[in-house]
Amino acid sequence: MSPYGKVKLRAVVTDRVKAHELYLPMNSPDDEEAVNYLTSSYHDHVTHTPAYKEISVHMEVLDEDGPSPMARGNFRLGHPHALPGVLVEKKWERTDYEPLTD
């Protein structure tokens, strides 16, 4: 909960997120989990983007047992699989590649 609203969701406690920080994805199909319920109408006056990263929240344990909020096979569950970055050399070698500049 925050001064603006509250959400109810399952959480995973991990060392990937620093102490006293909470990470919530921006998009959720479930209204009860929507992070926008925690945010205010404050925004950056130059870019007009919402101040999503500056929210004070209070977490409360509702139920310690239950299904994981992450789907089976999610790499964050301890079996990471490195994903290749952008392979620009392969892109440049393609016969249909056209550079944007000379």
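The set of residues in region 42-66 that are polar (S, T, N, Q) and over 20 Å from the mean Cα position of the chain (by Cα) contains only Thr47. Against the test of being charged (D, E, K, R) and closer than 15 Å to Ala11 by Cβ, the options Asp44, Asp65, Asp31 yield a single qualifying residue, Asp65.
Table: residues versus (1) loosely packed, with under 11 Cβ neighbours inside 10 Å; (2) touching a Gly at 6+ places or on another chain (Cβ under 9 Å); (3) of a type outside the set (A, V, I, L, M).
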| residue | (1), (2), (3) |
| --- | --- |
| Tyr4 | no, no, yes |
| Ala11 | no, no, no |
| Val17 | no, no, no |
| Tyr23 | no, no, yes |
| Met26 | yes, no, no |
| Val35 | no, no, no |
| Thr39 | no, yes, yes |
| His45 | yes, no, yes |
| Pro50 | no, no, yes |
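Restricting attention to region 69-83, the residues being modelled with pLDDT of 70 or more and loosely packed, with under 10 Cβ neighbours inside 10 Å number 3.
Of all residues in region 33-49, those satisfying the criterion of being within 22 Å of Glu64 (Cα to Cα) and modelled with pLDDT of 75 or more are Ala34, Val35.
Of all residues in region 1-31, exactly one satisfies the criterion of being within 11 Å of the chain's Cα centre (by Cα), under 18 Å from Leu62 (Cβ atoms) and at pLDDT below 75, namely Ser28.
Counting the residues of region 20-43 that are under 15 Å from Ile55 (Cα atoms) and either among the small types (Gly, Ala, Ser) or in a loop (DSSP other than H, G, I, E, B) (or both) gives 12.
The values are calculated or read from the model by the stated rules, or taken from the named source; none is laboratory data. As the structure is a computational prediction, the values presented were derived from the model and not from experiment. Neighbour counts run over all protein chains shown; Cβ positions are idealised from the backbone, glycine included.
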